[in-house]
Amino acid sequence: MTRRLKVTLLRSLAVLSIGVGLVGAAPALAATTDTSSSSDSSSSSSAVTSDSTTATAEFDMSPNAAISLDSAPDIGFGANIAPNSKSNGSYTASTLSAPLEVSNPGLSSGWTVQLKNTPFTDADGDTLGGAQLTLGTADVAAGNSGNPSTAPTQDSAPLTGSGDNQVVFSAPAKGGLGIWDSSYAMDNVNLTVPSGQLPGTYTSTLTWQLSDTPQ
């Protein structure tokens, strides 16, 4: 019984001496301790170090949702002298009320805005013969920062009062989501009028037509 107790104590001292760096432990006992340390290392290296999980988000749309034309600009050219000299008249817009704005709550169809105008006519029914309204290039931007959907494109040609539609704002399928503005600059909006006109206040009606198909 006494002999067994001494062996146990020696083993305890051997383990302790390795921990504090003491010299003189029996080689066989030190080797036994090293074997235990190697086994622990092997067990640690087989532990799981990564895993995969998921994050889910669901977004619904109202069954009554629809693409909408939120605003379009009124344009003013102010008061001017009737163009009756050797030079034709060219006038830059003096007022521009709002951007052309379209909202899409999530429909994937794409959309198009077309524009046409009537002749410039005064209260007496006289027309501003040969007048051409040019909107010029507009700046296209989302109503929010970082909108990832495909941006709509803008285009325009001179409006002559013929009543013919032209595409001025269009988004492709799955594009133009959210709110998008086409903002015309007053410096780019121009009315050209040939010389030889009656004085008066002339008005043209601009019709902006939204459809839920791209072109």
Scan of region 137-175 for residues that are among the β-branched types (Val, Ile, Thr) and more than 16 Å from the chain's Cα centre (by Cα), ordered by number: Thr137, Thr160, Val167, Val168
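Kindly evaluate Gly125 against the criterion of being under 25 Å from Asp187 (Cα atoms) and small (Gly, Ala, Ser). Break it down stepwise before answering.
On the way: under 25 Å from Asp187 (Cα atoms): no; small (Gly, Ala, Ser): yes.
So Gly125 does not fit the description; no.
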Answer from Thr127, Thr137, Thr92, Thr121 - the residue that is in the same structural domain as Tyr202 (by TED's automatic domain parsing), in contact with a strand residue (DSSP E or B) (Cβ under 8 Å, 6 or more places away or on another chain), over 30 Å from Leu198 (Cβ atoms) and hydroxyl-bearing (Ser, Thr, Tyr): Thr137
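Only one of these is part of a strand (DSSP E or B), hydroxyl-bearing (Ser, Thr, Tyr) and under 15 Å from the mean Cα position of the chain (by Cα): Ser103, Ser90. Name it. Before the answer, list the steps.
On the way: Ser90 fails: under 15 Å from the mean Cα position of the chain (by Cα).
From the options Ser103, Ser90, the qualifying one is Ser103.
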Output the number of residues of region 30-77 satisfying the condition of being at pLDDT 95 or above, among the hydrophobic types (A, V, I, L, M, F, W, C), assigned to a loop (DSSP other than H, G, I, E, B) and more than 21 Å from the chain's Cα centre (by Cα). 2
Could you please find all residues in region 139-161 being hydroxyl-bearing (Ser, Thr, Tyr) and touching a Lys or Arg at 6+ places or on another chain (Cβ under 8 Å)? Ser149, Thr150
If a residue has to be within 16 Å of Asp155 (Cβ to Cβ) and touching a Phe, Trp or Tyr at 6+ places or on another chain (Cβ under 7 Å) to count, how many in region 94-115 make the cut? 4
Ala171 versus (1) touching a helix residue (DSSP H, G or I) at 6+ places or on another chain (Cβ under 8 Å); (2) touching a residue at least 60 places away in the same chain (Cβ under 8 Å): which is the lone unmet condition? (1)
So is Ser87 in the same structural domain as Ala151 (by TED's automatic domain parsing), touching an Asp or Glu at 6+ places or on another chain (Cβ under 6 Å), surrounded by fewer than 17 Cβ atoms within 10 Å (Cβ to Cβ) and hydroxyl-bearing (Ser, Thr, Tyr) or not? no
Quick one: what pairs do we get from region 57-78, first residue of a type in the set (S, T, N, Q), second part of a strand (DSSP E or B) and surrounded by 15 or more Cβ atoms within 10 Å (Cβ to Cβ), C-beta under 8 Å, 6+ apart or different chains? Ser68/Val102; Ser68/Ser103; Ser68/Leu210; Ser71/Leu100; Ser71/Glu101
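The values are calculated or read from the model by the stated rules, or taken from the named source; none is laboratory data. Computed from a predicted structure; not experimentally measured. A quick note on method: Cβ atoms are made from the backbone with ideal geometry, for glycine too, and the neighbour counts reach across all protein chains shown.
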